[in-house]
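Okay, structure first, notes after.
The values are calculated or read from the model by the stated rules, or taken from the named source; none is laboratory data. Nothing here was measured: the structure is a model prediction, and the numbers come from that model. Virtual Cβ from ideal backbone geometry, glycine too; neighbours counted across all protein chains shown. Each accessible area value is taken on the protein alone, full model and side chains, heavy atoms only, with ligands, DNA and RNA left out. Shrake-Rupley method; radii C 1.70, N 1.55, O 1.52, S 1.80 Å.
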Amino acid sequence: MTIAHRATAILPCSDLERSTGFYARLGFALVSDHGHYRILSDGRGWDLHLRVEDMAALQAPLNPFGLYLYAEDVDAVAEKVRELIIEPGAPHAKPWGMYEFAVSDPDGVLVRVGRLLA
């Protein structure tokens, strides 16, 4: 993959091992580990940086951070985290033109996975 015009999310977490494991279920692999900072990627365009933070200061249950992952095969990703999906019956079509589902990461970050409806 070439480095194209893109954005990469940097998310706080309280436990790098737990968060790395969660995101591995969504298809991410560890690329680089710098002790308190990890870089993950799926090798196809999803890149994520995790940084250790005091989540109590960020009000973990009401975490203001979020991540949207665009995927070609939303159903395949959903199968990897089926028991964590927030909305029963998801993924499904949304009024805003997306086919998606949502999960919460170990620190309360809302993670949505979806694609544009055809």
Could you list, in sequence order, the residues of segment 92-104 that are open to solvent by 50 Å² or more (accessible area, probe 1.4 Å) and in contact (Cβ under 8 Å) with a residue 12 or more places away in the chain? 93, 104
Looking at segment 1-22, which of the residues that are in a loop (DSSP other than H, G, I, E, B) and under 21 Å from residue 64 (Cα atoms) is nearest to the chain's Cα centre (by Cα)? 8
Per the filter on segment 23-37, residues exposed (fewer than 11 other Cβ atoms within 10 Å of the Cβ) and either assigned to a strand (DSSP E or B) or among the aromatic types (Phe, Trp, Tyr) (or both) are 32
May I ask you to say which residue of 66, 89 is small (Gly, Ala, Ser) and open to solvent by 60 Å² or more (accessible area, probe 1.4 Å)? 89
Going residue by residue through segment 51-61, is there one that turns out to be out of contact with any Phe, Trp or Tyr (no Cβ under 8 Å at 6 or more places or on another chain), at pLDDT 95 or above and open to solvent by less than 50 Å² (accessible area, probe 1.4 Å)? no
Quick one: how many residues across segment 40-69 are closer than 15 Å to residue 105 by Cα, in a strand (DSSP E or B) and not basic (Lys, Arg)? 9
Can you tell me how many residues within segment 55-82 are closer than 12 Å to residue 26 by Cβ and aliphatic (A, V, I, L, M)? 8
Boolean, residue 71 is open to solvent by less than 30 Å² (accessible area, probe 1.4 Å), free of Cβ contacts under 8 Å to residues at least 40 places away in the same chain and closer than 18 Å to residue 114 by Cβ: no
